[in-house]
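Below is one structure; the comments refer to it alone.
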């Protein structure tokens, strides 16, 4: 899938949705293929296992039925003597007939076969060929499943990479337009916005310390008349100073002059450099009109402003 170019009114979200529009069908197709391969390979594996077990049983039967180990002379294997031949032999002994023939029957030739000779004796070429064919088929099925799995992983990985790229580009765009504030780990003495415990109010606080292991902040209330200290998780703390730019009409939360509390307002004048350093923004706070219903804009330092918390 080739990256889409952003033009006109096309948004990153629209481009991304278009990019992944065929992905569900591709993933479903691959998963169905893997399911079919699982069923086929399971049948092949079962048949192969049964044939292998039958082959081993056949070899054992052939050894037990046709060969005999002679004790006292090492581990040697000789052809078994037919029981009827033994009966005839005993009869000849009693009658004193054919002593040489009796000797032949009672003293079989001891043979120590080589490994190759023994394998030839127990080997069933036709059955072994079937087993090896099944092994080849099972291996081929497994390799196909691996290939489809890798293809599926590549599809998902491609989406994740595309999403990461789009998010980076979107962040740059929002930073440029002033619609995004960067979030960073606070350091001691950094200013932060926190929600006063048990209320919906946001207040100004200062970072005392941050524990990277627990991701917990220790903060002090910036109200000079308060000695409160707060221990809050990172998710409940907004480190200030991340806003890069603001435009007229942007809705923000800003510290009302001579307080340490945040109130909702609208940017009436874009940031401008102040004589004492830093930037100042003119804010029109909600419900801040006088007895005549007139609302006066207030100057607020950029470092005391944040976007509305979600």
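Annotation: extensible slack from residue 133 through residue 209 equals 20.5 nm (criterion: 0.36 nm per residue apart, minus Cα-Cα distance). Distance between the C-alpha centres of the stretch 41-68 and the stretch 220-251: 76 Å, rounded to the whole angstrom.
Label-to-label distance for residue 284 and residue 54 is 9.0 nm, based on points extended 7 Å past Cα in the beta-carbon direction. Computed over the stretch 156-310, the convex hull of the alpha-carbon atoms projects to a mean area of 12.0 nm².
Each of residue 61 and residue 216 was given a label point 7 Å from its Cα along the Cα-to-Cβ line. The distance between the two points is 7.3 nm.
Modelled spin-label separation between residue 297 and residue 228, with each label point placed 7 Å from Cα along the Cα-to-Cβ direction: 3.2 nm.
No lab work stands behind these numbers, since they all come straight from the coordinates. Computed from a prediction, not measured in an experiment: that's the story for all the values here. Ideal geometry is used to build each Cβ from the backbone, glycine not excepted, and the neighbour counts take in all protein chains shown.
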